[in-house]
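First comes the structure, then the notes that go with it.
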Amino acid sequence: GSGMCRLVDTLIIKPPKKSPLFSRTIALWFAMLCGVYLYGTCLKHVGTFTMLKFQNIQLIQKPSLEALIPTLHYPKPESFSRGECALNPVRFFAIISMQRSGSGWFETLLNSHINVSSNGEIFSVIDRRNNVSNIIQTLERVYNLDWFTSASKNECSAAVGFKWMLNQGLMEHHREIVEYFNHRGISAIFLFRRNLLRRMVSVLANSYDRKAKLLNGTHKSHVHSEQEAAALSSYKPIINSTSLISDLKEVEMITARALENFNSTRHMVLYYEDLVTNRTKLKDVQEFLGLPLMELTSRQVKIHKGSLCDFVSNWDDVNKTLNGTEYERFLHADY
């Protein structure tokens, strides 16, 4: 780039005597090329930086016309006959999320639809995700309707899927998984949480309860009553304020990388906070999956309800660390 720019200077300062108009035209062309090259390089760097900024990522590209309509499938399960529903099309989906981001609640909402089977966190079992061929085999069983859980609607499912956490083989094998999703016509529903500080409190509290088993000696990740919620939220974790900002940045980068890796799939991006405050988002999800619209319900109760300062032991440290930073907004948000 700089060599070309020096050549432009030479041409402008010392034009040949014979044809000044010709040399000026050449110089002008070189200057324009140089400018376009530098502009393009800068734009590329700015674009990359913007793309990796978590808050700026929604749907990165406008979906193509084909992407607006989910692919219809007619599975032939080996374990049962679909009978008269064999001619009813099925849509395939995967909920892609991170632990403690509202995906358990969101899945119960989806499963309250009479035609949806979302089969839980199937890749929490390590053997199913320890190599690509095991992952693909598992996916084939799910999308062939040969995977049975309490959520299975069997014969007359109009949409079938499951919940996949980013740390369950999804990122390590993303190229093969994206290829499989695109080849098989699987729609991805990304569900993330904007307030990563609240997510951190939930992760720490859930991790503590695994050992402490606060509810009569049993560990529960999700609850169905205010009493159970109060019992679980009575534990106040200590947050490492020294690594807090780098921990939050790391989660942002993981999320941004996931969206970048899966950008070529048919997908939609949802945020937990939007689902809580705006129930029309559930209508968007049903439309995205091409389902008949229904009122979706869940019995799950939120565990950490109210101001975040009530749920953190060293709140003053956390407050001091985040005040005046880009993460200050996490201190005050309700969800």
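For the reader, a short list of remarks on this structure follows.
- Looking at region 63-330, the DSSP beta bridges with both ends there are about 15 percent antiparallel.
- Cα gyration tensor, region 255-335 - rounded (a/c under 1.5), prolate or oblate: oblate
- Gain in span if fully extended, K302 to N314, counting 0.36 nm per residue against the direct Cα distance: 2.1 nm
- The residues of region 63-330 expose, per residue, 46 Å² of accessible area to a 1.4 Å probe.
- Each label point was placed 7 Å from the Cα along the Cα-to-Cβ direction; for E172 and N134 their separation is 0.9 nm.
- Residues whose placed amide H lies under 5 Å from that of W164, excluding near-sequence neighbours: I95, I96, S97
- Selected from L170, T218, A256, residue furthest toward positive end of dipole (region 63-330; charges at beta carbon): T218
- The accessible surface of region 63-330, taken with every protein chain in place and a 1.4 Å probe, is 51 percent carbon and sulfur.
- As a rough guide to protection, the peptides 97-107, 80-90, 161-171 ranked by mean Cβ packing within 10 Å, highest first, stand as 97-107, 161-171, 80-90.
- Here the peptides 275-284, 172-181, 138-147 are ranked by packing, the mean other Cβ count within 10 Å, and the order with the highest first is 138-147, 172-181, 275-284.
- FRET efficiency for L293 and S79, using Cβ-Cβ distance with R0 set to 25 Å, rounded to 0.05: 0.25
- Under 5 Å, built H, 5+ apart or other chain: amide partners of H267: A188
The values are calculated or read from the model by the stated rules, or taken from the named source; none is laboratory data. Predicted model only: the values in this text are computed from it and were never measured. We place every Cβ from the backbone using ideal geometry, glycine too, and count neighbours over all the protein chains shown. For the accessible areas, the whole protein counts, side chains as well, though only heavy atoms, and no ligand, DNA or RNA atoms are used. Shrake-Rupley method; radii C 1.70, N 1.55, O 1.52, S 1.80 Å.
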